[in-house]
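Chemist: The structure follows.
The values are calculated or read from the model by the stated rules, or taken from the named source; none is laboratory data. All figures in this text were calculated on a predicted structure; none of them were measured in a lab. So basically every Cβ, Gly included, is an ideal-geometry build from the backbone, and we count neighbours across all protein chains shown.
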Amino acid sequence: MKHRPPPASNSERRLRRGFTLIELLVVIAIIAILAGRLLPALSKSKTKAQGIKCMASGRQMMLAWRLYLDESQDRVPQSFGLNEWVHGSLDFSGGNRSNWDINPDITKSLLWSYWGKSADIWKCPADYSTVKVAGATKPRVRSIAMNAWFNSTDVEGFGAGFKNFKSMNDLTDPGPRGTWVFLCEREDSINDGEFVVGMNGFPDKPRQGAIVDFSASCHNGAAGFSFADGHSEIWKWKDARTKPVLKKGQLLSLGVPSPNNPDVLWMMERSTRKAK
């Protein structure tokens with residue numbers, strides 16, 4: 001005679017059956033809530049990692065800049081001019097090779113040979129800008145720009161009487177640690193190789209403040225800066241006017257009045273000083 005197992009209890013029968021539709025929906029809802037909380041954290045972690053890489057690239061660029069100075073009797077390269085540190089101007093035209101090809105400008109930069117001839121450090125990892133070239137999508141090649149107050153030929157209209165640094169000996173105020181050299185510029189602002197911080201109204205007339213060029217804000221509302229002493233940092237902007245909404249493939253209007261903008265003052269304080 002075959003042995004029959006005893007009948008299952010009510011609790012055992014409940015354990016053996018599957019989910020009801022309501023229970024399944026509850027589980028899905030819980031997973032959705034957890035995902036909603038987790039994904040922003042993951043996104044911020046990715047942005048933070050990009051910021052760290054951006055700072056590392058900035059330090060490499062500063063090392064190249066210093067090596068150039070060591071071989072040039074401490075004379076700084078031009079941010080803009082006939083002998084500027086990098087030629088070419090970016091836009092969103094596929095016919096402009098400066099946008100997508102490193103050979104017309106970047107490989108001919110005064111600093112190219114000083115960092116192992118690597119093109120990676122020229123573009124912020126958070127810059128996803130592209131151009132269309134003969135039907136193909138190509139990434140643009142540069143995000144970085146130089147402080148216009150380093151040996152430029154066109155800054156007089158942006159602050160009469162301010163220092164236009166020609167050599168490291170000129171960096172007495174605000175000093176190497178307090179003077180930025182390179183930053184990441186917004187993809188819809190970047191054009192030539194210089195970044196102008198207008199000094200009109202500095203330091204005691206903040207209502208005259210203006211944003212000539214727009215820095216990046218792709219690191220959780222912050223931008224990467226590299227300073228003349230070699231250190232890099234990420235600075236978070238406070239004013240919404242400093243970080244307008246990005247419109248892909250379109251250039252911003254530049255030279256915008258921005259009175260009493262604390263971000264403009266922050267950049268002014270770290271760009272140059274009145275010549276004595």
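Chemist: Of the conditions (1) in contact with a Lys or Arg (Cβ under 8 Å, 6 or more places away or on another chain); (2) β-branched (Val, Ile, Thr); (3) within 21 Å of Pro257 (Cβ to Cβ), Val196 satisfies every one except a single condition; which number is it?
Modeler: For Val196, the failing item is (1).
Chemist: For the range 256-276, which residues satisfy the criterion of being in contact (Cβ under 8 Å) with a residue 40 or more places away in the chain and hydrophobic (A, V, I, L, M, F, W, C)?
Modeler: Val256, Val264, Leu265, Met267, Met268, Ala275
Chemist: Please determine, by comparing only the residues of the range 156-192 that are of a type in the set (Val, Ile, Thr) and in contact (Cβ under 8 Å) with a residue 60 or more places away in the chain, which one is farthest from Trp85 (Cα to Cα).
Modeler: Among those residues, the one meeting the criterion is Thr179.
Chemist: If only one of Ser118, Ser113 is more than 23 Å from Glu233 (Cα to Cα) and at pLDDT below 95, which one is it?
Modeler: Ser113
Chemist: Counting only residues that are of a type in the set (Asp, Glu) and touching a Lys or Arg at 6+ places or on another chain (Cβ under 9 Å), which one in the range 82-105 is surrounded by the fewest Cβ atoms within 10 Å (Cβ to Cβ)? Step through it out loud before you land on a result.
Modeler: Within the range 82-105, the first condition is being of a type in the set (Asp, Glu), and the residues that meet it are 84, 91, 101, 105.
Restricting the remaining residues to those that are touching a Lys or Arg at 6+ places or on another chain (Cβ under 9 Å) gives 101, 105.
Details: Asp101: 15, Asp105: 21.
Among them, the one singled out is Asp101.
Chemist: Is it the case that the range 70-81 has a residue that's in contact with a helix residue (DSSP H, G or I) (Cβ under 6 Å, 6 or more places away or on another chain) and surrounded by fewer than 16 Cβ atoms within 10 Å (Cβ to Cβ)?
Modeler: Among the residues of the range 70-81, at least one is in contact with a helix residue (DSSP H, G or I) (Cβ under 6 Å, 6 or more places away or on another chain) and surrounded by fewer than 16 Cβ atoms within 10 Å (Cβ to Cβ), which makes the answer yes.
Here is a yes/no grid of residues against (1) modelled with pLDDT of 95 or more; (2) closer than 15 Å to Ser226 by Cβ:
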site: Gln60; (1), (2): no, yes
site: Trp65; (1), (2): yes, yes
site: Tyr68; (1), (2): yes, yes
site: Leu82; (1), (2): yes, no
site: Gly88; (1), (2): yes, no
site: Ser93; (1), (2): yes, no
site: Arg97; (1), (2): yes, no
site: Trp100; (1), (2): yes, no
site: Asn103; (1), (2): yes, no
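Chemist: Can I ask one more? So, in the range 106-148, of the ones that are within 11 Å of Gln60 (Cα to Cα) and of a type in the set (Ser, Thr, Tyr), which residue ends up surrounded by the most Cβ atoms within 10 Å (Cβ to Cβ)?
Modeler: For the range 106-148, the residue satisfying everything is Tyr114.
Chemist: Cβ-Cβ under 9 Å, sequence separation 6+ or interchain: first residue in the range 227-255 and part of a helix (DSSP H, G or I), partner charged (D, E, K, R). Which pairs?
Modeler: Going by the 9 Å Cβ cut-off, the qualifying pairs are Arg241/Asp263; Thr242/Asp263.
Chemist: Within the range 58-106, count every residue that is in contact with a strand residue (DSSP E or B) (Cβ under 6 Å, 6 or more places away or on another chain), among the aliphatic types (A, V, I, L, M) and not in a loop (DSSP other than H, G, I, E, B).
Modeler: Result for the range 58-106: 2.
Chemist: Here's a follow-up. Could you say which residue among Ala210, Ala240, Ala275 is surrounded by 15 or more Cβ atoms within 10 Å (Cβ to Cβ) and among the aliphatic types (A, V, I, L, M)? Reasoning before the result, please.
Modeler: On the way: Ala240 fails: surrounded by 15 or more Cβ atoms within 10 Å (Cβ to Cβ); Ala275 fails: surrounded by 15 or more Cβ atoms within 10 Å (Cβ to Cβ).
Ala210 is the lone residue from the list that is surrounded by 15 or more Cβ atoms within 10 Å (Cβ to Cβ) and among the aliphatic types (A, V, I, L, M).
Chemist: Among the residues of the range 110-128, is any among the β-branched types (Val, Ile, Thr) and in a loop (DSSP other than H, G, I, E, B)?
Modeler: To start, the set of residues in the range 110-128 that are among the β-branched types (Val, Ile, Thr) comprises 121.
The next check asks that each one be in a loop (DSSP other than H, G, I, E, B); those that pass are none.
No.
Chemist: Can you tell me which of (1) buried (at least 17 other Cβ atoms within 10 Å of the Cβ); (2) under 25 Å from Asn83 (Cα atoms); (3) among the small types (Gly, Ala, Ser); (4) touching a helix residue (DSSP H, G or I) at 6+ places or on another chain (Cβ under 8 Å) is the one Ser152 doesn't meet?
Modeler: Condition (4) is where Ser152 drops out.
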